[in-house]
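Novice: Below you'll find the structure I mean.
What follows draws every value from the coordinates through simple rules; no lab data is involved. Treat the numbers as computed from the prediction; the structure is a model and nothing was measured.
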Amino acid sequence: IFFIKLDVAHCFVFYKQEISQETDNLVLEAFDNDTDQQQPPDVIANQIFLQNFSKVELQEIKTHEASGSSEKPFSCLMCGKGFMQKHSLNSHMRNHTGEKPFSCLTCGKSFIQKRSLTSHVRYHTGEKSFSCGTCGKSFNKKSTFTSHMITHTGEKPFSCFTCGKSFIQKRSLTRHTRTHTGEKPFSCIICGKGFYKKYSFTYHMRIHTGEKPFSCKTCGKGFNQKRFLNTHMLAHTGEKPFSCLTCGKSFIQKRSLTSHMRTHTGEKPFSCMTCGKNFLQKRSMTNHMRIHTGEKPFSCITCGKGFLQKCSLTCHMRSHTGEKPFICGTCGKGYSRKHSLIKHLTTHKIESFPISYEK
């Protein structure tokens, strides 16, 4: 019997002990039959021992052994990043070249890595291969499943060195760290705006391209984000799941309820850094800030005039189209602005104003 250090397979010895005796017998038999004595017993032992493993297991053994060493012999010529395996380098190079050789046969979307395609295909098939043994929830990605499992334990293993905040996922910590460093690695090539998060950059690009990949099956309206579609769908069902405990008013969105609650509490959490004025809503503060900066992001495509707010542009566009959606219920006269109609209604000298709005 030989006591041999298996250079490649040593990390699996403890999981394959049941075959060790059989291997010893085969080594002795092979050594006796090797008349030329070309190979020493330890080499023969390795060859026979490795026959007990599949190709996948052998690859895992090699990867595991390499991970125990700091050596990364395969380096990217463009950015210098090192890799333990050549196929990892090849996959990384596609980030520089933009090559996406793996395409979805259903929708045509392409991917850098085959595993990304495999994960994507599950969206079409509805397959969810990873199931939680605690709550039964299923997932189509292993990474999502792994993150979900931590929600049961409450573990947040990734902590920020600056503020101490902890996260379930490493990528969440990476994104959070950028709020401290100010790093915005994702930049729009059209307007130059930078983003902390890749998905924020993706959503922003759809503003320029006009892409709206999420469509309502009821009315056909398109949206550039899935959350906007989900909110829109509630308009068809009439469902308003978020209710105010103070006055009972219901809302389609949770953020609308949160904003509404401030009318009861008087809280104004958004402050102008220039003049100190406070606001209930972030968008109100954003609109106000444009008074200080002079920014007018909404421009008329007909005459080029700029506006601080989108609603102001909408009203202005009616001067070009001639649209008058605010109709007097008494005489039928139309107006492009609501306040113009209200002013007109005083000429009828009636207490209640019959107003109609035509889309």
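Novice: Going through the cross-link list Lys81/Lys197; Lys86/Lys114; Lys226/Lys254; Lys282/Lys305, which pairs have a Cα-Cα distance over 18 Å in this structure?
Specialist: Beyond 18 Å: Lys81/Lys197; Lys282/Lys305.
Novice: Once a ≥ b ≥ c are taken as the square roots of the eigenvalues of the Cα gyration tensor of segment 195-284, is the result rounded (a/c under 1.5), prolate (a/b larger than b/c) or oblate (a/b not larger than b/c)?
Specialist: oblate
Novice: Okay, moving on. So which lysines can Lys333 reach, going by Cα to Cα under 19 Å and dropping same-chain residues fewer than 8 places off?
Specialist: Output for Lys333: Lys324, Lys343, Lys349, Lys359.
Novice: If you average the C-alpha positions of segment 108-172 and of segment 271-286 separately, how far apart do those two centres end up, in angstrom?
Specialist: Distance between centres, Cα-based: 37 Å.
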